[in-house]
Amino acid sequence: MRNLKLVQTLEFKDIPAPGKPQCFCLRIEQSTVLIGSECGLIEVNPVTREVKTEISLVAEGFLPEDGSGCIVGVQDLLDQESVCVATASGDVLLCNLSTHQLECVGSVASGISVMSWSPDQELVLLATGQQTLIMMTRDFEPIMEQPIHQDDFGESKFVTVGWGKKETQFHGSEGRQAAFQMQTHESALPWDDCRAQVTWRGDGQFFAVSVVCPETGARKVRVWSREFALHSTSEPVPGLGPALAWKPSGSLIASTQEKPNGQDVVFFEKNGLLHGHFMLPFFKDEVKVNDLLWNADSSVLAVWLEDLQREEDFALKTYVQLWTVGNYHWYLKQNLSFNTSVKSRIVSLMWDPVIPYRLHVLCQGWHYLCYDWNWTTDRSSGDNSSDLANVAVIDGNKVLVTVFRQTVIPPPMCTYCLLLPHPVNQVTFFAHSKKSNDLAVLDDSNQISVYKCGDSPSVDPTVTLGAVGGSGFKVPLRTPHLEKRYIIQCVNAEDEEVNPLKLTFLTWIEEDSFLAVSHSQLSPQSAVHRLTVAPSELGEEQEQLLVSSSVTVDGIITSLCCSPKTKSVALQLADGQILKCLWESPSLAVEPWMSPGGFPIRFPYPCTQTELAVIGGEECVLGLTDRCRFFVSDTEVASNITSFTLYDEFLLLTTHSHTCQCFSLRDTSLKTLQAGLCSSQVANGEVLRKVERGSRIVTVVPQDTKLILQMPRGNLEVVHHRALVLAQIRKWLDKLMFKEAFECMRKLRINLNLIHDHNPKVFLENVETFIRQIDSVNHINLFFTELKEEDVTRTMYPPPLTSSAQLPMDPTVKKLDLICDAMRAAMESINPHKYCLSILTSHVKKTTPELELVLQKVHELQENGPSVPDAVSAEDALKYLLLLVDVNELYDHSLGTYDFDLVIMVAEKSQKDPKEYLPFLNMLKKMETNYQRFTIDKHLKRYEKAIGHLSKCGPEYFPECLNLIKDKNLYKEALKLYLPSTQQYKAVCFAYGEYLTQEHQHEMAGLLFARCGAYKEALSAFLACGSWQQALCMAAQLHLPKNQLIELSRTLAGKLAEQRKYSEAATVLEQYAQDYEEAVLLLLEGAAWEEALRMVYKYNRLDIMETNIKPSILEAQKNYIAFLDSQTTTFSRHKKRLLVVRELKEQAQQVNPDDDVSRAQESDLFSETSSVVSGSEMSGKYSHSNSRISARSSKNRRKAERKKHSLKEGSPLEDLALLEALNEVVQSTEKLKDEVHCILKVLFLFEFDDQGRELQEAFEGALQLMERSLPEIWTLTYQQNPAIPILGPNSTANSIMASYQQQRTTVPVLDAELFVPPKMDRRTPWKLSLLE
């Protein structure tokens, strides 16, 4: 749905040259045009408008002096730096334009009618006057000569397999008599010059020749291979014209055919069969087709036509029409009508072989024209709901308008069609947000037809409905009507002579004002004109548009864009410079478009599409080149963009990776946009969407969610981009338009939780509004069923960064419960009978379903019956309830209400067999109430309620109750059911104690046994858990004899000593076994020196001091000295080795900074923490999904933990192992402070001053050594946390990578705690000053 827009026009008129022009060719490398005339060759530069070279062929004798000579072909030979010229007299010349040397490389006596070079310039084909074809090499060496007329069909002759005769075949609407009609051959067209026409396929492997057959007088097309072998001959086509053009892509050969009602362009396949056609908009015998030309990319077919001579004095007009195809329909996109003067008559035209949409035209009055076109989509630019999302497509004298807001109609169909009296060249929509549906059409007669939407007093005959009318299918559509037709007064009267396209970039900016651009004929300048309405002498039916103001621009304007919001107009020059057009002032003015920094903006490359957008508060110019490079101002942000459009705050783009991306421009920056477009992975799922290959954006429906895309073939696809959908839903929710939001979310499968989560406070305050707008029980139930506790604005649909953050909800309050309760209250206040099913749903959907309440309400409906006409019956309510809840679950809940009527009602609606539930219910009815409820609860596995009911049944049921308690471990619940003084309570306590004993919870079991009076079991339990105080208490309760008490105390002391509780063991032996000697020994073993002295003096056993205490103290002193010596030696050795290892690693890093060996050796460590290692870094090592590494068993993990820090020299993590060992040495030495202080005191007390001083000095020396070494071992660099990369707004990619590389070679994340130095508390008082 695109049109061809004229970008620029280049003219060179009145070229100073003798004779009349006959043909021309392009010199691509020199950017010049080589024109052949009846006198010779002339090379001109159309940009500088000067003649570069002139070579006379008359003077050399190759052309006659009387002007009757003719040049039939000119070809620039790139590799030979020469030009090949063929004359009608038969000479083939090679001309060097730099030296002006002419060389005749060959001559044909019979003359030459056509010279045609292959696309690769390796072969040249000559058609001679003797009706032969001569093929030569690029060096003009003949390869072969064959007659142009062949009797054979060719190599691809069709094979008949003998399936019946022609008379027996089906002949369609022509009837059976068609089989017996004789084939008639019509002669060539009267205006046919009978010359041969040659065209090559784009790859040069085949060429086609159109000639008039001498036998039949009709034209035939023959296809030859590159080897000069006849491939095929066309089927007989009556009225076949001479024009011939092979599509460069190679699929079709275009020609013309005259039919009884007009003239068609027909297409042949390579095998000679017809394959499609389209009709030219002319009557029979009105025009003749001189030539057909495909552009370089096969997308545009140019048709060169000329009026047929009717009268002698009849002035002939020539036309150039540009046709394109889409969805198998041919559109006439541009019509160039050259006037009747002799100077304007076209001599030759050709497409540029490099720039696909550049057309070169040479007129008879030595007037050269060059047109550049580009594709554009003419769409309405409104952003409110009144804009109908119109897209206009030019098709000859028709404008096909599709209204996408109401209908999506694939081309070539449309919503309505505008019929114009002349072919249309430009369409523009009114750049006003409230009147964006109005459009103006410029045709090739320089008339502007203005169509406006609104009430029309009469039916407009120029507006016809398209696909929306007929067959009873009607769409409520207000079509536009023709408001006025304006004639444009020519900007320059001389322009009217030759150039039919004088104005381009027509823009409707005000009610009676237009902007347009024209290009200068004499210099590389352009002019911007304001066209305003002026009264016309022709009457009210037709008015004139006059140029009220103009401004000249140095440079060629190649694009113009206007913003309906800001009213800004931006102009782009051919060199990429951007200008701002100040059109609101009385006289037009232009100024450079400045960046925020005060510099003029210039696109690095010319852009074919430009738009204005506000990014980060600044108005910017967006541009897209024909090479898919996308610019914002002068910054390239992407290089794979195929199309883009702006809508409201959004920028939508399609890419070569077959995605459609949507970015919000509100409060964003250029860097953010560039990062989003360059990122291969888009974090936010709203931004990116996959689309079909080759999709292009057509338009966006304003205030809606539809995005229209067109496929390469031409068919349309409507997608609802997630970003547009969510933005529109948020707007509706902010405006409390719940119905529109709900319908959109339901249709596009957006989670309905967003209605609440978008703004919970507003929703809960407007629940009644929500219910009244939805007004559908089914839709409200659908909303209930989709509710979940998750906040979708934090997971599925994160809000834009610019939106205000919602206050977090109280985590103790459940979202489901809040919504269900609020909506239920609102529905009950509005109409509880109408919303009965929704009220039931609100109970079921709560966090804890209130099925009992639901069943009670259903039961009430059954008992009371429908009270109002629209009330729901109990049967319907129950049927609906069974859709929400499993029938077995509902049956169980109904049984749990102990209401047998309700149980039977539910069971009848289920698939249960009455033989299953009726006997069970009858049995329950015969039971006593409490036992009945116990049986029901036990059946429903509600054991807590079951024992509650069973406890009320009497003592005779207690054994059954106790068995159930033991079976289901309901001891705590059972203890609440009985008084502590009852036997049942004690029995439960005893059973509970036995259970805890089996679970090895001996202390808890002992307490329970003690409470119920089972002291023997309590003593055993306390003995098992080592609670010696409670065990001795239970022994007192049991009144044990003295010998048993002594034996018990020795047992307890042994267990305490095993647990290294020497002081407590000594207390038990002293107080209960009266064995103070053994108690002293235990105290000495536990280094409780002062307590041992106290006990010796208490029992006056001073001899123990000499025999036991002093030797123990001296031995302990020696052990401390030896331990400190070992720790100091170990510490010094590890420290020395650590410094060596660090130095070696630094040297290795300097030699090879990118060495990744250390990382590979640490790969096992990262298998459990692969999330902290980048995928690109690990991809060359091991896959994350490698089960051999990542899924190791717990046993192997523990083994790896033991092995990962090895003190073996040369191991990969030796430095970490040394750090770990040094940390352990420091911590073990620090823990000795209290013990050393205690032994120093007793050493001084027993006059062991030397030993005490020795120990104190050794310990102090060890501590000082470690304190001095801490800063050297745990340096500041190694204390940094390696798990936190250096990120932030000021960081760059290089700084982040440098930081990561540094961390990568130092520390695994798992061992970060090793780089925290151990704490040494100097404030702990351990020294004894008396020993100093």
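The values are calculated or read from the model by the stated rules, or taken from the named source; none is laboratory data. What you see is a predicted model, and the numbers here were worked out from it, not measured in a lab. In this analysis, Cβ positions are derived from the backbone assuming ideal geometry, glycine residues included, and neighbour counts consider all displayed protein chains. Ligands, DNA and RNA are excluded from the accessible area calculation, which covers all protein heavy atoms including side chains. Shrake-Rupley method; radii C 1.70, N 1.55, O 1.52, S 1.80 Å.
The table for this structure:
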{"read-out": "Gained length - LEU419 relative to THR1129, 0.36 nm times residue gap less alpha-carbon distance", "value": "245.2 nm"}
{"read-out": "Cα-centred dipole magnitude for the chain, charges only on beta-carbon of K, R (+1) and D, E (-1), debye, nearest 20", "value": "4540"}
{"read-out": "Candidates per chymotrypsin sites (Phe, Trp or Tyr not before Pro) in segment 612-693, loop by DSSP, up to 16 other Cβ within 10 Å", "value": "none"}
{"read-out": "Segment GLU1085-MET594, extension gain: residue separation times 0.36 nm, minus the distance between their alpha carbons", "value": "167.7 nm"}
{"read-out": "Modelled FRET efficiency - R0 30 Å, ILE904 with TYR957, Cβ distances, 0.05 increments", "value": "0.60"}
{"read-out": "Mean accessible surface per residue for segment 902-1000, computed with a 1.4 Å probe while every protein chain stays in place, in Å²", "value": "59"}
{"read-out": "Near-label residues of segment 213-252 by backbone N, under 17 Å of a point 7 Å along Cα→Cβ of LYS157", "value": "222-225, 229-236"}
{"read-out": "Residues of segment 539-569 with amide N under 20 Å of a point placed 7 Å along Cα→Cβ from ASP575", "value": "551-560"}
{"read-out": "Dipole of segment 926-1009, positive end: most advanced residue of ASN969, PRO959, ASN930 [Cβ charges, Cα centre]", "value": "ASN930"}
{"read-out": "Listed residues SER380, SER68, SER1126 arranged by accessible area, highest first, probe 1.4 Å", "value": "SER68, SER1126, SER380"}
{"read-out": "Spatially proximal lysines relative to LYS52 (Cα-Cα < 24 Å; intrachain offsets below 8 disregarded)", "value": "LYS13, LYS20, LYS343"}
{"read-out": "Cleavage-rule hits (chymotrypsin sites (Phe, Trp or Tyr not before Pro)) in segment 282-329: DSSP loop, at most 15 neighbouring Cβ within 10 angstrom", "value": "PHE283, PHE314, TYR328"}
{"read-out": "Degrees separating the helix 851-864 axis from the principal Cα axis of the chain, which is the longest one", "value": "70"}
{"read-out": "GluC sites (Glu not before Pro) within segment 849-928: DSSP coil, no more than 14 neighbouring Cβ in 10 Å", "value": "GLU928"}
{"read-out": "Net length gained if the chain between ARG1101 and GLN1001 were fully extended (0.36 nm per residue, minus Cα distance)", "value": "31.7 nm"}
{"read-out": "Unit charges on C-beta of K, R, D, E only; dipole of segment 511-595, Debye", "value": "460"}
{"read-out": "Between 0 and 90°, nearest 10: helix 1076-1085 axis offset from the chain longest Cα axis", "value": "30"}
{"read-out": "Along principal axes, Cα extents of the chain, largest first, whole Å", "value": "157, 94, 80"}
{"read-out": "Residue-averaged [θ]222 nm for the chain, counting only DSSP H segments that reach four residues, each worth -39500 (n - 2.57)", "value": "-9500 deg cm²/dmol"}
{"read-out": "Förster radius 22 Å - calculated FRET efficiency between GLU860 and GLU786 (Cβ-Cβ, nearest 0.05)", "value": "0.20"}
{"read-out": "Segment 255-321 - charge dipole about Cα centre, Lys and Arg +1 at Cβ, Asp and Glu -1, debye rounded to 20", "value": "280"}
{"read-out": "Leading residue at positive end of dipole, the chain (Cβ point charges), from LEU274, MET594, MET1266", "value": "MET1266"}
{"read-out": "Cα→Cβ-extended label distance, 7 Å offset, between LYS671 and SER386, nm", "value": "4.2"}
{"read-out": "Rounded percent of accessible protein surface that carbon and sulfur make up, segment 1000-1058, 1.4 Å probe", "value": "53"}
{"read-out": "Label point distance in nm, GLU511-LYS1118, each placed 7 Å from Cα along Cα→Cβ", "value": "11.8"}
{"read-out": "Exposure ranking of TRP191, TRP583 by accessible area [1.4 Å probe, largest first]", "value": "TRP191, TRP583"}
{"read-out": "ASP876 paired with LEU78, simple spin-label distance in nm, labels 7 Å along Cα-to-beta-carbon", "value": "8.0"}
{"read-out": "Förster-model FRET efficiency, 60 Å R0, ASP967 and SER1228, C-beta, rounded to 0.05", "value": "0.70"}
{"read-out": "Residue among VAL209, ASN499, GLN856 farthest towards the positive dipole end of the chain, charges placed on Cβ", "value": "GLN856"}
{"read-out": "Total formal charge among the other residues, if their Cβ is under 11 angstrom from that of GLY382, Lys/Arg +1 and Asp/Glu -1", "value": "+1"}
{"read-out": "Heavy-atom accessible area order for LEU388, LEU878, largest first, 1.4 Å probe", "value": "LEU388, LEU878"}
{"read-out": "Cα long-axis angle, helix 958-968 against the chain (0 to 90 degrees, to the nearest 10)", "value": "50"}
{"read-out": "Solvent accessible area, Å² - ARG1142, 1.4 Å probe, full protein context", "value": "20"}
{"read-out": "Surface accessible to a 1.4 Å probe, ASP395 within the full protein complex, Å²", "value": "20"}
